[in-house]
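The values are calculated or read from the model by the stated rules, or taken from the named source; none is laboratory data. All values derive from a computational prediction rather than experimental measurement. A quick note on method: Cβ atoms are made from the backbone with ideal geometry, for glycine too, and the neighbour counts reach across all protein chains shown. Heavy atoms of the whole protein, side chains included, go into the accessibility calculation; ligands, DNA and RNA do not. Shrake-Rupley method; radii C 1.70, N 1.55, O 1.52, S 1.80 Å.
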Amino acid sequence: MKFNEIEFDTYFKNYPDKNGYFGKYGGAYVPDNLKKAMDEITEAYFTICKSSKFISELRRIRREFQGRPTPISYLERLSAKVGNVQLYVKREDLNHTGAHKLNHCMGEALLAKYMGKKKIIAETGAGQHGVALATAAAYFGLECDIYMGAVDIKKQAPNVARMKILGANVVEVTDGLQTLKEAVDAAFAAYLNDYQNTIYCIGSVVGPHPFPMMVRDFQSVVGIEAREQFLEMTGELPDAVVACVGGGSNAMGLFSGFLNDPVEIYGVEPLGRGEKLGDHAASLTYGSEGVMHGFNSIMLKDANGDPAPVYSVASGLDYPSSGPEHAFLRDCGRVKYDVVNDEETIDAFFTLSKLEGIIPAIESSHAVAYAMKLGQKMGKGSILINLSGRGDKDMDYVIEKYGIR
């Protein structure tokens, strides 16, 4: 299906369909015993998402606990460095816990309470999802297990400490490359063994239905706020919006506010060290259709057709697939997906920090780097960047590997 064939004013009513598909992508490829659990979650979500009590409680949490709405900041000095294009950032780094992840974690934990679950479990790469879920568990009085690759545990020590302080049990994963994909594998296995008492709170718009839809819906607050705020600030919509894409939750959050507008939308994937398989995690750019972790999307494959090893300087982006909705939006042409490499990303990390006093997460720095290049090409207009998280978690790693620039 092509872009001009889709009615975007009714998009969220039609996508995903009742079976969880965005076109040919999505679905729920799970064992029979987990299918019942997925159906239970779907039914519960569709029940409470229409409940005024649930909606009111979530809005109260966002306002009184998370500190929403987060603002938009105009980047005056970075804009001057780029040229005549005006750059703005949606400040999800100012959301409680320092990233966008709490937007869906509080919703998923509230759903778990409604369903009578005792424990929530999840994977994490950069640690922001783990911190957010540990925070939600503490808020609602739930047990919490966080699965994290050994490599990421070393890179993200501050977030590991935060999870433990919040009362979460951090489970070190030592299989394979010991990063995000292996953490997801381990968390799925744990969920399979105890789905009666547990809910697996997936950290992005990935996994079997209903999680890509649920996480998008909870994250859509980012796009709804951003559209209203940008109009109030400038009197018009941005010419382009930009967000980094790993699994793609922060991107779907922002994009959802602008799909039906005359706005260019760009998703930025990690090119890492280069185009060679194993040196990047740019699945939408270099991958092909395939099923992993319970959903059909675009993924990077090895010679056997299995998920390929991936790499990114950003722990939150080193995943060999992307959310099925991103694959759908790529195919229909509504969103353009491109790449930036590690070097461009680290340059953007330091440039934003020194010019604007905002230290971004390495994940978000991919979007900043791309917006700087895009601004130079555009020559005029405005770009809104989703600053999906703050860089406190990354500073030790960046200084150790790259020094101070």
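Here is how the numbers come out for the structure above:
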| quantity | calculated |
| --- | --- |
| Antiparallel bridge percentage (DSSP; both residues within the chain; nearest 5) | 30 percent |
| DSSP bridge pairs, the stretch 235-323: antiparallel proportion in percent, nearest 5 | 60 percent |
| Euclidean distance between Cα centres, the stretch 370-385 to the stretch 250-306, Å | 21 Å |
| Percent accessible area from carbon and sulfur atoms, the chain, protein chains only, probe 1.4 Å | 49 percent |
| HN-Hα J in Hz across the stretch 267-273 - Karplus 6.51, -1.76, 1.60, θ = phi - 60°, x for Gly and Pro | x, 10, 9, x, 7, x, 8 |
| Where labels lie 7 Å past Cα in the beta-carbon direction, separation of A157 and Y74 in nm | 4.1 nm |
| GNM top mover of G176, G323, G149 - the chain, alpha-carbon springs below 10 Å | G176 |
| For the chain, accessible area per residue (1.4 Å probe, heavy atoms of protein chains only), Å² | 38 Å² |
| Which labelled figure in [x] 0.99; [y] 0.93; [z] 0.96 is Rg/Rh (Cα atoms, Kirkwood Rh), once derived from the coordinates | [y] |
| Whether the stretch 177-299 is rounded, prolate or oblate, judged on the alpha carbon gyration tensor where a/c under 1.5 counts as rounded | oblate |
| Residue among S283, S297, S79 with the largest mean-square fluctuation in a Gaussian network model of the chain, springs linking Cα atoms under 10 Å | S79 |
| Spacing of the two label points (7 Å from each Cα toward its C-beta) at Y29 and A150, in nm | 2.9 nm |
| The stretch 1-160: C-alpha gyration tensor shape, a/c 1.5 cut-off, then a/b vs b/c | oblate |
| For the stretch 157-222 versus the stretch 320-338, the gap between their alpha-carbon centres in whole angstrom | 22 Å |
| Highest-MSF residue in the chain out of A99, A157, A226 [GNM, Cα springs under 10 Å] | A157 |
| Inter-site label distance for N197 and F8 at 7 Å from Cα along Cβ, in nm | 4.7 nm |
| Mean Kyte hydropathy of -0.5 or more with a Cα span along the axis of at least 30 Å, helices from DSSP in the chain | 211-234 |
| Proximal lysines relative to K24, as straight alpha-carbon distance under 20 Å, when same-chain residues fewer than 8 apart are discounted | K2, K13, K35, K301, K336 |
